[in-house]
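The values are calculated or read from the model by the stated rules, or taken from the named source; none is laboratory data. For clarity, every value in this text was computed on a predicted model and none was experimentally measured. Cβ placement follows ideal geometry from the backbone for every residue including glycine, while neighbour counts extend to all protein chains displayed. With ligands, DNA and RNA removed, areas are computed over all heavy atoms of the protein, side chains included. Shrake-Rupley method; radii C 1.70, N 1.55, O 1.52, S 1.80 Å.
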Amino acid sequence: MNNYKIIENGYVIDPEREVIEKKNIGIINGKLVDPQTIIQESADNYERINAEGCYVAPGFIDLHVHVFKDRTSLGIEADLVGVEQGVTTIVDAGSSGYENYKQFKELIVKNSKTEILSFLNISRKGLCEGISELENPNNLMTFEEAEKIFTSEKNIVGLKARMSSSVVKEQGIAPLQYARKLADQLEVPIMVHIGNPPPYLNEVFPLLQKGDIVTHAFHGKKHGILKEDNTMIPEALEALERGVLFDVGHGTASFSYRTITRFKERYSCPFTISTDIYIDNYVKPVGSLMKTMSKLLSIGYSLNDVVKSVTSRAAKAIGLAEQGTLKLGTRADLTIFTIAEREEDLVDSEGEIMKVRRVLQPRMTVKDGEVVYSE
Ligand SMILES: [Zn+2]
């Protein structure tokens with residue numbers, strides 16, 4: 001028996017075609033199809049999902065979260081920041097490493113409705129034994145270990161290297177030089193966290209190649225991507241030209257309205273939006289992926305652009321062909337949401353408050369063609 005569904009009357013956002021139009025979406029057995037096919041095949045025997053007054057987009061992807069609950073001090077419940085917030089896929093950014101990924105998979109990945117991918121920490125410990133995980137070079141996973149785990153674990157999509165002085169201590173840039181070699185061998189992207197130096201960005205950026213992701217790109221700390229005159233440091237510009245990707249990674253301390261506004265005035269290069277959400281920033285300042293998107297919307301990015309940054313652009317960054325798209329035949333992961341026209345004070349990581357007038361709100365989350373969450 002085929003399972004037929006039609007999502008009716010929504011404003012469908014197709015990030016690849018950059019159009020928003022009122023239309024229906026068909027689903028047969030978890031895959032996207034032309035709704036006409038369902039009407040012809042099913043003799044009107046299909047489930048109707050009413051999306052009147054809502055937007056319908058490919059399932060949102062959050063490239064930076066921390067969901068290793070109970071084993072790391074920051075881990076938050078995956079579904080709370082995933083499907084319950086309209087996010088169908090999350091990527092845990094370095095909570096686990098070679099030594100504890102299997103435990104992460106058993107405890108978290110297998111017990112969540114949300115699809116959970118990982119950037120594996122280059123430290124074998126991940127964030128399970130404190131957050132200075134790159135302080136001791138003996139904890140770096142070996143080439144053999146990396147080869148083994150990337151071959152056997154399909155949900156690991158890249159490496160995570162956190163380049164803040166509090167993480168690397170005396171090691172400086174050395175862990176990233178090592179991550180470069182691992183990434184070249186494995187042919188996977190590195191997500192690099194940038195923060196307080198050392199290492200400085202003029203050491204970090206030259207090590208990054210096409211497809212690598214710089215998270216916390218728009219932090220408000222000193223020594224960021226922008227100079228005093230609002231132009232980018234040359235190393236960041238050159239990296240962008242090579243195809244390095246910028247990612248928001250909001251977090252407790254890593255997203256500044258001032259930085260993103262200064263960036264937007266001069267540059268139009270695309271980036272991805274992620275939350276770096278965890279237990280301590282869940283209420284404030286991050287809130288959720290949709291709250292973070294609402295902030296970018298209010299800064300002046302278009303709805304199409306903010307949706308693209310969590311769908312097609314995010315999917316492409318980690319090589320997901322079946323997600324972030326509305327192409328017929330691909331997996332029916334969908335986010336149904338509304339935009340509430342109301343005033344809300346939303347804070348950034350610097351404590352600055354912005355009065356936003358449009359707030360994205362989750363209504364329904366569809367994963368593999370099934371409604372897994374509904375308001
Ligand atoms: Zn993080």
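State all residues of region 104-113 that are over 18 Å from Ala146 (Cβ atoms) and either crowded, with 16+ Cβ neighbours inside 10 Å or touching a Lys or Arg at 6+ places or on another chain (Cβ under 8 Å) (or both); if no residue qualifies, say none.
Applying the first criterion (over 18 Å from Ala146 (Cβ atoms)) to region 104-113 yields 106-113.
Passing the criteria: Leu107, Ile108, Val109, Ser112, Lys113.
Answer yes or no as to whether Thr272 is touching a strand residue (DSSP E or B) at 6+ places or on another chain (Cβ under 7 Å) and either at pLDDT below 95 or within 16 Å of the ligand (Cβ to nearest atom) (or both).
Values: touching a strand residue (DSSP E or B) at 6+ places or on another chain (Cβ under 7 Å): yes; either at pLDDT below 95 or within 16 Å of the ligand (Cβ to nearest atom) (or both): yes.
Yes; evaluated as a whole, the condition is true for this residue.
Sort out which residues of region 102-143 are among the basic types (Lys, Arg) and outside any helix (DSSP H, G or I), and write them in order of number. Please lay out each step first, then the result.
From region 102-143, those among the basic types (Lys, Arg) are 102, 105, 110, 113, 124-125; that's our starting set.
Lys113, Arg124, Lys125, listed by residue number.
Which count do you get for residues in region 122-139 that are open to solvent by less than 30 Å² (accessible area, probe 1.4 Å) and not acidic (Asp, Glu)? Walk me through how you get there before you give the answer.
So the first thing to find is which residues in region 122-139 are open to solvent by less than 30 Å² (accessible area, probe 1.4 Å), and the list is 122-123, 126-128, 133-134.
Imposing the further condition that a residue be not acidic (Asp, Glu) reduces the set to 122-123, 126-128, 134.
Of the residues in region 122-139, 6 are open to solvent by less than 30 Å² (accessible area, probe 1.4 Å) and not acidic (Asp, Glu).
For Tyr46, are the conditions met, namely being among the aromatic types (Phe, Trp, Tyr) and over 30 Å from Tyr282 (Cα atoms)?
Working: among the aromatic types (Phe, Trp, Tyr): yes; over 30 Å from Tyr282 (Cα atoms): yes.
Here the answer is yes, as Tyr46 does meet what is asked.
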Qualifying position, being open to solvent by less than 10 Å² (accessible area, probe 1.4 Å) and away from the ligand (no atom under 16 Å from the Cβ), among Pro199, Pro234: Pro199
Qualifying positions in region 103-141 - out of contact with any helix residue (DSSP H, G or I) (no Cβ under 9 Å at 6 or more places or on another chain), away from the ligand (no atom under 16 Å from the Cβ) and not acidic (Asp, Glu): Gln103, Lys105, Leu107, Lys110, Asn138, Asn139
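Based on this model, can you work out whether Ile116 counts as modelled with pLDDT of 95 or more, buried (at least 20 other Cβ atoms within 10 Å of the Cβ) and outside the structural domain of Asp212 (by TED's automatic domain parsing)? Give the derivation first.
Working: modelled with pLDDT of 95 or more: yes; buried (at least 20 other Cβ atoms within 10 Å of the Cβ): yes; outside the structural domain of Asp212 (by TED's automatic domain parsing): no.
It is false that Ile116 is modelled with pLDDT of 95 or more, buried (at least 20 other Cβ atoms within 10 Å of the Cβ) and outside the structural domain of Asp212 (by TED's automatic domain parsing).
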Filter result for Val188 (in the same structural domain as Leu127 (by TED's automatic domain parsing), within 28 Å of Lys148 (Cα to Cα), surrounded by 20 or more Cβ atoms within 10 Å (Cβ to Cβ) and away from the ligand (no atom under 16 Å from the Cβ)): yes
Residue ID - farthest from the chain's Cα centre (by Cα), chosen from residues in region 147-171 that are on the phi < 0 side of the Ramachandran plot and among the basic types (Lys, Arg): Lys148
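Going by the structure shown, is Leu296 in the same structural domain as Ser95 (by TED's automatic domain parsing), buried (at least 17 other Cβ atoms within 10 Å of the Cβ) and away from the ligand (no atom under 16 Å from the Cβ)? Please lay out each step first, then the result.
Values: in the same structural domain as Ser95 (by TED's automatic domain parsing): yes; buried (at least 17 other Cβ atoms within 10 Å of the Cβ): yes; away from the ligand (no atom under 16 Å from the Cβ): yes.
Answer is yes for this residue.
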Condition broken by Ser96, with the remaining ones in (1) within 16 Å of the ligand (Cβ to nearest atom); (2) in a helix (DSSP H, G or I) satisfied: (2)
Selection count, region 80-93, where residues are touching a residue at least 40 places away in the same chain (Cβ under 8 Å) and within 16 Å of the ligand (Cβ to nearest atom): 4
